[in-house]
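None of the figures in this text is laboratory data; all of them are computed from the coordinates on show. It should be emphasised that the depicted structure is a prediction, and the values quoted were computed from it without experimental measurement. Cβ sites come from the backbone with ideal geometry, for glycine too, and all protein chains shown count toward neighbours.
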Amino acid sequence: MALKSAIVAAAHRDLGIERTLVRKALFLICEDPGLVIPFTACDEPIVREDMVRVGMGSADLRYRPEFRNWKAFIEFEIDAELLQDSDVLALVGRAGFGTGICEWRSEKGGEFGRFEIDTDVPVRFERA
């Protein structure tokens, strides 16, 4: 759900795309009922130590996996009456650049979690 949440967060009425519209017009297709999208490629994860602020600002350490050079094949179901193909590509691009996924993502002031569309892989749009 992190990916859909990032895409929804990238939508904005100033762009002409309401968040509520994206929520109801775009769905990820996953074979896994837990909505886990498997990596098709990934470097060996490394463990990162991050300082976090909890409660009243006290510091604590968190140990998190960091995945580098990962790839995943993503399939969406789209309500074509509400979203155009170009809208979806723009939203995914904005989500990857400015929102991100997982811990310490760019949306939350972090430096991790960013992603991009692989332009070497053709994007297909199929109509039912």
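Which of (i) 19, 16, 15; (ii) 28, 19, 13; (iii) 26, 21, 12 is the computed semi-axes √(5λ) of the Cα gyration tensor in Å for the structure on display?
Entry (ii).
Over the chain, what is the mean sequence separation of C-alpha contacts under 8 Å (at least six apart), divided by residue count, expressed as relative contact order in percent? Show your work: numbers first, answer last.
Details: 168 pairs, mean separation 30.9, N = 128.
Taking the mean separation of contacting Cα pairs over the length of the chain, I get 24 percent.
Rg (Å, one decimal) plus Dmax (Å, integer) for the alpha carbons of segment 80-123?
Every Cα atom of segment 80-123 included, Rg and Dmax give 12.2, 36 Å.
Find how many whole Å separate the alpha carbon centroid of segment 65-125 from the alpha carbon centroid of segment 47-64.
For segment 47-64 versus segment 65-125, the Cα centre distance is 27 Å.
Going by amide H atoms built from the backbone, whose H comes under 5 Å of the H on residue 12, apart from near neighbours?
17
For segment 18-53, list residues with backbone N below 16 Å from a point placed 7 Å from the Cα of residue 71 toward its Cβ?
38-44, by backbone N distance to the label point.
May I ask for the angle, rounded to the nearest 10°, between helix 85-94 and the longest principal axis of the chain, with both axes built from Cα atoms and the value confined to 0 to 90°?
10 degrees
How far apart, in nanometres, would the label points at residue 56 and residue 30 be if each is projected 7 angstrom from Cα along the Cα-to-Cβ direction?
3.8 nm
Please find the FRET efficiency linking residue 118 to residue 48, where r is the Cβ-Cβ separation and R0 is fixed at 22 Å, and quote it to the nearest 0.05. Please report the intermediate quantities before stating the final value.
Working: r = 24 Å, r/R0 = 1.11.
Computed FRET efficiency for residue 118 and residue 48: 0.35.
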